[in-house]
Amino acid sequence: MTPLNIAVAGSTGRMGRAIMETIAEVPDLRLSAALEQPDSPYLSQDAGSLSGTTLGVAISSNYATTLAGSDVLIDFTRPVGTLSHLAVCRKLGVRMVIGTTGFTPEEKEIIRDAAKDIAIVFAPNMSVGVNLLFKLLEVATKALPEGYDIEIIEAHHRHKVDAPSGTALHMGEVITRTLGKELEKVAIYGREGNTGERSADTIGFSTIRGGDIVGDHTALFAGTGERLEITHKASSRKTFAAGALHAARFLSTQKSGLFDMQDVLGLR
């Protein structure tokens, strides 16, 4: 069986390193490119050098040349970079797994348009457990009667730059879609001062940033006399790396189209 050639954007970041280390552990995937920004101090070094290993692939900033030998690019960087990489992938016909968060509605539309030409898995969280959580939220929202206040609490490491997390926002989207509402019209992003009594029609978001927290997410359904909490806690980035590689395998059978992890895992 010929291995699937995987390129990794942001290869010196924590997610990039976790993805490359996981690729090295499985026989059906091969690291074909390790990519970074042009000003990275690690260019030309072996992709495994930061982890104390040798992967046999030099870190490069030349996406156009390096991606030509890849089947799938996995990208957990930032919106501006991801959209630039997307343009190259679209031109070369390279499929893409996008785990980047913080896109504007207009930027998401660019991704949808690119999916007319290449296959893309675009998901705010690649964890199998988190995607099961999304399904459980749908079930809970349908099952609970009126009278439950909904709050979403998320915690991440001090280096995360967007808030709330993409996963937390998607949790809100799952809940509001199930309720037949729009998240933009009911979301409350933080409270301070004399806010008045809580409106039953809102969904509150609370954000915690500190230390090296990989990612904790909780949906709280608070009723009178009882509370239901649905929680996922990640303790290792390899959880997300494994999910991203599962998505890459899924894309190997797709010519074009926009997919998410619910499609990859058969949960839809």
Counting only residues 5 or more apart in sequence or on a different chain, those whose built amide H sits under 5 Å from that of LEU4 are LEU29, ARG30
Estimated distance in nm for a label pair at ARG78 and GLU192, the labels positioned 7 Å out from Cα along Cα-to-Cβ
2.3
With the label point 7 Å along the Cα-to-beta-carbon line of LYS108 and a cut-off under 18 Å to each amide N, the hits in the range 148-182 are 152, 162-182
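Counting other Cβ atoms within 10 Å, keep those with at most 16, restrict to DSSP loop, and tell me which GluC sites (Glu not before Pro) in the range 64-133 are left. Provide the component values of the computation, followed by the final result.
On the way: sites: GLU106, GLU107, GLU109; in loops: none.
Nothing satisfies the criteria.
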When the Karplus curve 6.51 cos²θ - 1.76 cosθ + 1.60 is applied with θ = phi - 60°, which whole-Hz ³J(HN,Hα) does each residue of the range 90-96 get, with x for Gly and Pro?
4, 5, 8, x, 8, 5, 9
Between GLY48 and residues 5 or more places away or on another chain, the pairs with built amide H atoms under 5 Å apart involve LEU55, GLY56, VAL57
Taking Cα atoms only, helix 238-251 is inclined relative to the longest principal axis of the chain by an angle, in degrees rounded to 10, of 70
Can you run phi through the Karplus equation (6.51, -1.76, 1.60; θ = phi - 60°) for the range 46-63 and list ³J(HN,Hα) in whole Hz, with x for Gly and Pro?
5, 4, x, 4, 6, 9, x, 10, 10, 10, x, 10, 7, 6, 9, 10, 8, 5
Based on the Cβ-Cβ distance of GLU226 and THR65, what FRET efficiency does E = 1/(1 + (r/R0)^6) give at R0 = 45 Å, to the nearest 0.05?
0.15
Computed over the chain: relative contact order in percent, which uses C-alpha pairs under 8 Å that are six or more apart
21
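Grab the beta carbon distance between ASP201 and GLN37, set R0 = 51 Å, and tell me the FRET efficiency rounded to 0.05. Please list the in-between numbers first.
On the way: r = 43 Å, r/R0 = 0.85.
Efficiency at R0 = 51 Å is approximately 0.75.
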Given ALA247, MET261, LEU228, which one lies farthest toward the positive end of the charge dipole of the range 224-268, if we put +1 on the Cβ of every Lys and Arg and -1 on the Cβ of every Asp and Glu?
ALA247
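Give the shape of the range 121-223 as rounded, prolate or oblate, defined through the alpha-carbon gyration tensor: a ≥ b ≥ c are the square roots of its eigenvalues, a/c under 1.5 means rounded, and otherwise the shape is prolate if a/b is larger than b/c and oblate if not. Could the numbers behind the result be given before it?
Details: a/c = 1.91, a/b = 1.16, b/c = 1.64.
Oblate is the answer for the range 121-223, as a/c is 1.5 or above yet b/c matches or exceeds a/b.
Report the relative contact order of the range 65-134, percent, no decimals, based on alpha-carbon pairs under 8 angstrom and at least 6 residues apart. Let's see the in-between values first.
Numbers: 82 pairs, mean separation 22.3, N = 70.
Over the range 65-134, the number comes to 32 percent.
So which GluC sites (Glu not before Pro) in the range 128-183 end up in coil per DSSP with only 10 or fewer other C-beta atoms within 10 Å? Mind showing how you got there, number by number?
Values: sites: GLU138, GLU146, GLU151, GLU154, GLU173, GLU182; in loops: GLU146, GLU182.
Within the range 128-183, the qualifying GluC sites (Glu not before Pro) (loop, at most 10 other Cβ atoms within 10 Å) are GLU146.
Hey, which of these cross-link pairs are over 20 Å Cα-Cα: LYS91/LYS116; LYS135/LYS233; LYS116/LYS238; LYS160/LYS238; LYS135/LYS181?
LYS116/LYS238
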If Lys and Arg each add +1 and Asp and Glu each add -1, what is the summed charge of the other residues whose beta carbon sits under 10 Å from the beta carbon of ILE118?
+4
Roughly how tilted is helix 14-23, in degrees to the nearest 10 and between 0 and 90, from the longest Cα axis of the chain?
60
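What percent does the relative contact order of the range 128-234 come to when contacts are Cα pairs within less than 8 Å and at least six residues apart? Can you show the working numbers first?
Numbers: 169 pairs, mean separation 43.4, N = 107.
Relative contact order of the range 128-234: 41 percent.
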Please list, in order along the range 181-191, the HN-Hα scalar couplings obtained from phi with the Karplus expression 6.51 cos²θ - 1.76 cosθ + 1.60 (θ = phi - 60°), rounded to whole Hz, x for Gly and Pro.
10, 10, 4, 4, 8, 10, 6, 10, 9, x, 9
Which net charge results for the neighbourhood of GLU138, defined as the other residues with beta-carbon distances under 12 angstrom from its beta-carbon, given Lys and Arg at +1 and Asp and Glu at -1?
+3
For PHE76, residues with placed amide H under 5 Å, excluding near neighbours
ALA9, GLY99
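Does the chain classify as rounded, prolate or oblate by the C-alpha gyration tensor (a ≥ b ≥ c root eigenvalues; a/c under 1.5 gives rounded; else a/b over b/c gives prolate, otherwise oblate)?
Numbers: a/c = 2.09, a/b = 1.84, b/c = 1.13.
Judged from the Cα gyration tensor, the chain comes out prolate (a/c at least 1.5, a/b above b/c).
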CD proxy, 222 nm, the chain: helix-only mean residue ellipticity via -39,500 (n - 2.57) per DSSP H run with n ≥ 4, per residue, nearest 500, stands at -10000 deg cm²/dmol
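Any read-out appearing in this document is the output of simple, stated calculations on the displayed coordinates, not a laboratory observation. Here the structure is a predicted model, which is why all the values come from computation and not from measurement. A quick note on method: Cβ atoms are made from the backbone with ideal geometry, for glycine too, and the neighbour counts reach across all protein chains shown.
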